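Notes to accompany the following structure.
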Amino acid sequence: MLNTSVLVALIIYFIGVFVVGFYAMKFVSKARKTEEAAKSEEGFLGEFLTSGRDLGGFVLAMTMVATYLSAGSFIGGPGAAYTFGLGWVFLAMTQMPTGYFTLSVLGKKFAIVARKIKAVTINDFIRRRYESKPLVIITSISIIVFFIAAMGAQWIGAARLLQGSIGLPYETALAIFAITVIIYTTIGGFRAVTLTDTLQGVIMTLGTILLFFVGLKAGGGLTNIIQDMKAMDPRMITPFGGDPGFMTMAWVASFWILVGFAIVGLPSVAVRAMSYKDTKSLHRGIKYGTIVSMILLILMHGVGAFGSLIVPDIASGDLVIPTLTVELFPGWVAGLILAGPLAAVMSTVDSQLLIVVGAIVNDLYANYINPEAKKDSKKMSRVSFLATIAVGVVIFIVAYNPPDLMVWLNLYANAGLISTFLWPIILGLYWKKANKEGAFASMIVGIGTYVAFSYVWPRPLGMHTIALPLFLALVAFVVVSNVTKDPSDEIIEAFWGV
Amino acid sequence: MSNNNEKKEFIEDPRYKQCNREVKYAAILGIVNMVWWFGWGYGLGSQPVEEYTYIMGLPTWFFMSSVVGAVLFTVATFFMIDKLFKHMPLDDMTEEEAKKYLEEVENNA
């Protein structure tokens, strides 16, 4: 049955997203006109992939938070808190540093270097720093493969959400979602993506706060909720979660590496650190980002944990947020709140979509397949639009036959990307001796051990699968860089000189 | 492997010194945040549930590690940005601009 009042609220939200897309389109069309674009050296792709580096503090914070907080944090995360209790809220807090850590570590240096070498994608950075064609081809393919997997999972989440709340058939829900994302990303590029992220970030934050306090009241206050959880299963209020042996100390603590610190290596996140306007924007971005991620993480996962009392016995933990929302709020308010998790998904996948397009168009096509095309803004824009639509269609097909519990799928793809990019970005930025042989070694060791471990040793030394491979990749990078030739003087001067 | 004497001379970007400093501050903040979270969370949370104490209805291990921790490290982030981070231009510099920037930094120090 169709829930019309939820539908109306969501339609209003979708219209808002489209308005932003059309607003951004003006800038993209301007950049497409060859004579305008010729003035800026980065041309059409500079606008389409980094919005001409003009992000302000608030937009930077919102697009940062909205990009890394995905469906995992709004559907899978609260779902796990529903199952495991307070321990999972505690685990979610390992994402807390992402608000300040990522932007501070890539920091001003990444922005300065990106301007020096005119980088508009992470692969531009890798290409100039390591000067190796095979390396760039590997990183580009890694982006395309892993992000399409991640997006497939996210789109499934979004479609489920629409299906659960409005009552649309899964296929229709998926189609509506896919068409919206593809259209505004195609017409508006990075500017549309960051502005819709901001709109979506605001909606997520307001929705989360509202849901938390109403949930708190429905559960009879904190003391009641915690004591009821304890009565249901005392382990629900420990850091070890409901199932004995699952949330062990080493495993939970290693999430600091996966979702806290190593997020620096996610291309969709890192590219934002080269797109802000000035240091004032950066400083504000870090402050706002930290506040917003703190509020979202603790309240959204808290609500998931409360859900175990308010709506016990739902079929899958993933459904806790939609179920609670529909249970606790009248239709149109529910619609606005449900726009929150939907916004979380949308704001993650639009960035990922753009990164994949960047990898195809900027890193592979313009660099290696047709180097002449880069000067022709009209051609670049046509190729970018076609690539965006094509990638969107591929993801739609991937998401059409959905598997269950998407949080694990999502983590798998993230881990692959982090193994590829973390050390080449950080060491390339801060260590003069980092060279292409080292970068190769770290990627091979990182991805290789990660894939091998996930089959034969899923919890190396008790930790999450990603922790040990990342460490081994670092060792490989440092050792190999030390025994092979230093990068050329030209590279060092381009990156370190004035 | 390298021989520094053979390397071509170039002026290192004067902004990097401050950039490198800021990275260290953020890394220290992140590690302290983790230690705080771990210490309170597992220090108190590992007790038997019957011995738990509560603050505002939440178990003390959770309240201190996750609620106080979140607020505390947000405040610490603000402090870090306001007191330790510095403004600087991000655009490409010529050698003259680099020298001027260096002078300004030294005058402010």
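The values are calculated or read from the model by the stated rules, or taken from the named source; none is laboratory data. No experiment lies behind these values; they were computed from the predicted model shown. Cβ: placed from backbone, ideal geometry, glycine included. Neighbour counts: every protein chain shown. Surface accessibility is based on the protein's heavy atoms, side chains included, excluding ligands, DNA and RNA. Shrake-Rupley method; radii C 1.70, N 1.55, O 1.52, S 1.80 Å.
Determine which member of the set A:LEU222, A:LEU211 is in a helix (DSSP H, G or I), within 8 Å of another protein chain (Cβ to nearest Cβ) and not basic (Lys, Arg).
Answer to the selection: A:LEU222.
Residues in the stretch A:309-328 include at least one that is buried (at least 19 other Cβ atoms within 10 Å of the Cβ), within 14 Å of another protein chain (Cβ to nearest Cβ) and within 28 Å of A:ALA9 (Cα to Cα).
Candidates in the stretch A:107-129 are the residues that are closer than 22 Å to A:GLY189 by Cα and of a type in the set (Lys, Arg); of these, the one that is least open to solvent (accessible area, probe 1.4 Å) is A:ARG115.
Just wondering, is there one or more residues in the stretch A:296-310 that are under 30 Å from A:GLY446 (Cα atoms) and out of contact with any Cys (no Cβ under 7 Å at 6 or more places or on another chain)? Yes. Restricting attention to the stretch A:199-211, the residues being open to solvent by less than 30 Å² (accessible area, probe 1.4 Å) and either polar (S, T, N, Q) or more than 17 Å from A:ILE15 (Cα to Cα) (or both) number 5. For the stretch A:465-474, the criterion of being within 23 Å of the chain's Cα centre (by Cα), surrounded by 21 or more Cβ atoms within 10 Å (Cβ to Cβ) and not in a helix (DSSP H, G or I) is satisfied by at least one residue.
Among the residues in the stretch A:298-310, are any without any contact (Cβ under 8 Å) to a residue 40 or more places away in the chain and of a type in the set (A, V, I, L, M)? Before you say what the answer is, go through the steps one by one.
Start the filter on the stretch A:298-310 by keeping residues that are without any contact (Cβ under 8 Å) to a residue 40 or more places away in the chain, which leaves none.
There is no residue in the stretch A:298-310 that is without any contact (Cβ under 8 Å) to a residue 40 or more places away in the chain and of a type in the set (A, V, I, L, M).
Here is the figure for the stretch A:235-254: residues that are open to solvent by less than 60 Å² (accessible area, probe 1.4 Å), facing chain B (nearest Cβ under 10 Å) and either under 19 Å from A:THR465 (Cα atoms) or in a helix (DSSP H, G or I) (or both) total 5.
Of all the residues that make up the stretch A:187-198, how many are open to solvent by 10 Å² or more (accessible area, probe 1.4 Å) and either of a type in the set (Val, Ile, Thr) or closer than 17 Å to A:TYR68 by Cβ (or both)? Quick ask: steps written out before the conclusion?
Just the residues of the stretch A:187-198 that are open to solvent by 10 Å² or more (accessible area, probe 1.4 Å), to begin with: A:187, A:191, A:195, A:198.
Then drop every residue that is not either of a type in the set (Val, Ile, Thr) or closer than 17 Å to A:TYR68 by Cβ (or both), which leaves A:187, A:198.
The number of residues fulfilling the criteria is 2.
Restricting attention to the stretch A:366-385 and to residues that are among the hydroxyl-bearing types (Ser, Thr, Tyr), surrounded by 20 or more Cβ atoms within 10 Å (Cβ to Cβ) and more than 22 Å from the chain's Cα centre (by Cα), the residue that is farthest from A:LEU417 (Cα to Cα) turns out to be A:SER377.
From the set of residues in the stretch A:276-291 that are open to solvent by 20 Å² or more (accessible area, probe 1.4 Å) and not charged (D, E, K, R), which is nearest to the other protein chains (Cβ to nearest Cβ)? Explain how you work it out, then say what you get.
In the first step, residues of the stretch A:276-291 are kept if they are open to solvent by 20 Å² or more (accessible area, probe 1.4 Å); the result is A:277-278, A:280, A:284, A:287-288, A:291.
Right, trim to not charged (D, E, K, R) and you get A:288, A:291.
Working: A:TYR288: 10, A:ILE291: 6 Å.
The extreme case among them is A:ILE291.
Of the helices (runs of 4 or more DSSP H) lying entirely inside the stretch A:317-433, those carrying at least 2 residues that are within 28 Å of A:ARG32 (Cβ to Cβ) and in contact with an Asp or Glu (Cβ under 8 Å, 6 or more places away or on another chain) are A:331-358. Screening A:ALA415, A:ALA439 for residues that are crowded, with 20+ Cβ neighbours inside 10 Å and at pLDDT 95 or above leaves exactly one candidate, A:ALA439.
Checked against (1) surrounded by fewer than 23 Cβ atoms within 10 Å (Cβ to Cβ); (2) among the polar types (S, T, N, Q); (3) modelled with pLDDT under 90, A:SER132 passes all but condition (3).
Determine if the stretch A:475-488 includes at least one residue that is part of a helix (DSSP H, G or I), open to solvent by less than 10 Å² (accessible area, probe 1.4 Å) and in contact (Cβ under 8 Å) with a residue 24 or more places away in the chain. Don't jump to the end; show me each part of the working.
Within the stretch A:475-488, the first condition is being part of a helix (DSSP H, G or I), and the residues that meet it are A:475-483.
Those still in the list that are open to solvent by less than 10 Å² (accessible area, probe 1.4 Å) too: A:477, A:481.
Among the residues that remain, those that are also in contact (Cβ under 8 Å) with a residue 24 or more places away in the chain are: A:477, A:481.
Yes, there is a match, as at least one residue in the stretch A:475-488 is part of a helix (DSSP H, G or I), open to solvent by less than 10 Å² (accessible area, probe 1.4 Å) and in contact (Cβ under 8 Å) with a residue 24 or more places away in the chain.
Taking each residue of the stretch A:412-439 that is touching a residue at least 12 places away in the same chain (Cβ under 8 Å) and looking for partners that are among the basic types (Lys, Arg) and not in a helix (DSSP H, G or I) with beta-carbon atoms closer than 9 Å, six or more apart or interchain, yields A:LEU427/A:LYS433; A:ASN435/A:LYS485; A:GLU437/A:LYS485.
Taking the stretch A:73-106, which residues are of a type in the set (Phe, Trp, Tyr) and either open to solvent by 10 Å² or more (accessible area, probe 1.4 Å) or within 14 Å of chain B (Cβ to nearest Cβ) (or both)? Let's see the steps before the verdict.
Filtering the stretch A:73-106 for residues of a type in the set (Phe, Trp, Tyr) gives A:74, A:82, A:84, A:88, A:90, A:100-101.
Matches in the stretch A:73-106: A:TYR82, A:PHE84, A:TRP88, A:PHE90, A:TYR100, A:PHE101.
A:PRO458 falls short of the stated requirement of being outside any helix (DSSP H, G or I) and within 11 Å of chain B (Cβ to nearest Cβ).
Condition first: exposed (fewer than 14 other Cβ atoms within 10 Å of the Cβ) and at the interface with chain A (Cβ under 9 Å from one of its Cβ atoms). Now tell me which residues in the stretch B:60-91 satisfy that. Don't jump to the end; show me each part of the working.
Start the filter on the stretch B:60-91 by keeping residues that are exposed (fewer than 14 other Cβ atoms within 10 Å of the Cβ), which leaves B:71, B:75, B:79, B:82-83, B:87, B:91.
Residues satisfying the conditions are B:VAL71, B:ASP82, B:HIS87, B:ASP91.
Which of the following residues is open to solvent by 40 Å² or more (accessible area, probe 1.4 Å), part of a helix (DSSP H, G or I), modelled with pLDDT under 95 and within 9 Å of chain A (Cβ to nearest Cβ): B:GLU96, B:GLU103, B:GLU50?
Numbers: B:GLU96 fails: within 9 Å of chain A (Cβ to nearest Cβ); B:GLU103 fails: within 9 Å of chain A (Cβ to nearest Cβ).
Of B:GLU96, B:GLU103, B:GLU50, the one residue that is open to solvent by 40 Å² or more (accessible area, probe 1.4 Å), part of a helix (DSSP H, G or I), modelled with pLDDT under 95 and within 9 Å of chain A (Cβ to nearest Cβ) is B:GLU50.
Test B:VAL23 against the stated conditions and say whether it is facing chain A (nearest Cβ under 8 Å), within 27 Å of the chain's Cα centre (by Cα), within 30 Å of A:ASP278 (Cβ to Cβ) and among the aliphatic types (A, V, I, L, M). Walk me through it before giving the result.
Numbers: facing chain A (nearest Cβ under 8 Å): yes; within 27 Å of the chain's Cα centre (by Cα): yes; within 30 Å of A:ASP278 (Cβ to Cβ): yes; among the aliphatic types (A, V, I, L, M): yes.
Considered against the rule, which asks whether it is facing chain A (nearest Cβ under 8 Å), within 27 Å of the chain's Cα centre (by Cα), within 30 Å of A:ASP278 (Cβ to Cβ) and among the aliphatic types (A, V, I, L, M), B:VAL23 comes out as yes.
Checked against (1) more than 22 Å from the chain's Cα centre (by Cα); (2) open to solvent by less than 10 Å² (accessible area, probe 1.4 Å); (3) of a type in the set (Ser, Thr, Tyr); (4) modelled with pLDDT under 90, A:TYR170 meets all criteria but (2). Looking at A:THR67, A:THR94, A:THR102, A:THR63, just one residue is among the hydroxyl-bearing types (Ser, Thr, Tyr), touching a strand residue (DSSP E or B) at 6+ places or on another chain (Cβ under 9 Å), within 24 Å of B:ILE81 (Cβ to Cβ) and in a helix (DSSP H, G or I), and that residue is A:THR63.
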